1. Quote the relative contact order of region 164-239 in percent (integer), defining contacts as alpha-carbon pairs under 8 Å separated by 6+ residues.
2. Whose amide H sits under 5 Å from the amide H of Cys228, counting only residues 5 or more places off or on another chain, with H placed in the peptide plane?
3. Give me the tail of P(r) for the chain as a percent: Cα-Cα pairs with distance above 30 Å.
4. When the Cα centres of region 220-270 and region 120-160 are compared, how far apart do they sit, in Å?
5. Using only the alpha-carbon atoms, what does region 1-137 span along each of its principal axes? Please give whole angstrom values in decreasing order.
6. Give me the net charge of Cys228's neighbourhood, meaning all other residues with Cβ under 9 Å from the Cβ of Cys228; Lys, Arg count +1, Asp, Glu -1.
7. Using Cα springs under 10 Å in a Gaussian network model of the chain, which residue among Leu100, Leu138, Leu148 shows the largest mean-square fluctuation?
8. Among Tyr105, Tyr254, what is the fewest-to-most ranking by other Cβ atoms within 10 Å?
Amino acid sequence: MKHTVITDTLAISANTSGAELCSVKKNDVEYIWQAGDAWKRYAPILFPFICSPAGKKYKAGGSEYTMPSNHGFARDMEFECTEQSGSSLGFRLTSNDDTLKIYPYDFELTVKFTVDGDSVEVLNSVKNTGNKDMYFYLGGHPAFNCPLEEGLSFDDYEIVYEKNETIIQPLLTGGERTVIDNEQGYKLTRALFDHDVIMKDKPNSKSISLISKKGERGVTLRFPESECIAVWSSTGNDEARFVCLEPWTSVPVYCDDEFEDIEKKPHAVKLAAGETFDYRYYIEVR
C-alpha cells in the first residue's frame with residue numbers, strides 16, 4: 001500500500017512493499033524513476049547484504065545459509081506503516097520464521113522518510129532484538145529520472161562529487177580502468193556502465209550530484225555516514241532513463257568473499273544484542 005505526505009515544498013510517497021520510496025515531487029516534477037520496464041524498482045533498501053556473496057552462500061554460527069536474492073530480502077518484504085504525519089512516513093519490518101531460515105538473527109528494521117524543505121532525510125535503523133551479536137550490510141539504491149527536463153537527454157548529465165576523487169574500476173573482462181583521476185566528476189554515457197556499477201570506497205566526498213549544465217533541475221545525495229558511494233544505470237538500454245546514486249555502509253559483501261563466515265567479514269556491521277544502528281542519507285532536489 002502506498003502512503004503519501006504533502007508539504008509546502010515536496011510531495012513524497014513510499015510503499016509498504018519494501019518500504020520503498022516511490023515518489024519525490026517538487027512543483028509536480030517527479031524525481032524518482034517510476035519502475036519502468038528497464039528496471040522495475042524505485043529505491044530499494046539493501047539489507048542484510050549489499051550485492052551477494054559467492055554462490056549466494058555464507059556461514060553464520062558455523063552453519064551454512066543461502067541468501068536467494070541479490071541485495072538481501074528487505075526490498076521484497078511487506079513492511080508495516082507505523083507513522084504518517086504532516087512531514088514524515090515510517091515503516092517497520094521484524095524478523096520472522098521466513099527470514100530466520102536464510103538469516104539467523106532476530107532484528108527490527110525501521111525506515112523513516114522526513115521532508116525538510118527541499119530535502120528528504122532517509123533514516124534506516126536496525127535493532128538487534130536477539131541475544132547474540134548480529135552482522136549485516138546496509139544501503140540505499142534510489143533511482144532518479146535522467147533526464148529531469150524536457151529537451152534534455154541522458155548524455156546531457158554528469159555526476160559531480162563534493163571533492164576530487166580517484167576511481168579505478170575492475171573490468172568484467174579482466175584488468176581495470178580509471179574512471180576519474182583526482183577529478184570531481186564525469187559525463188554520463190551508456191557505455192560508462194558497460195562494466196556494471198561504479199563505486200568509490202572511502203570517498204573524500206560526503207555528497208554527490210546528478211546535474212546538467214543545460215538544465216535547472218538536479219539531485220544531490222548527501223551521505224554523511226557512508227563508507228562507499230556507488231553510481232549505476234543499465235548499460236546499452238536507451239529506455240533506462242535513470243541513474244542510481246547508492247549510499248552504502250561499506251563495499252559489497254562479495255568484496256569479503258575470502259571469509260565465508262559472516263562474523264569474519266571485515267566490512268559487515270557488528271551489532272550487539274539490544275543495540276540499535278542508525279544509518280542516514282539525504283536526497284535534495286532542485
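1. 31
2. So Cys228 has HN proximity to Lys202, Trp248, Ser250.
3. 29
4. Centre-to-centre distance over Cα atoms comes out at 9 Å.
5. If we take the Cα atoms of region 1-137, the spans are 53, 35, 22 Å.
6. Numbers: positive: Lys200, Lys202; negative: Asp201, Glu227, Glu246.
For residues surrounding Cys228, the net value is -1.
7. Leu100
8. Ordered from fewest to most neighbouring Cβ atoms within 10 Å, Tyr105, Tyr254 come out as Tyr254, Tyr105.
Where a number appears in this text, it was derived from the coordinates with a stated rule and is not lab data. For clarity, every value in this text was computed on a predicted model and none was experimentally measured. Cβ coordinates were reconstructed from backbone atoms using ideal geometry, including for glycine residues, and neighbour counts include every protein chain displayed.
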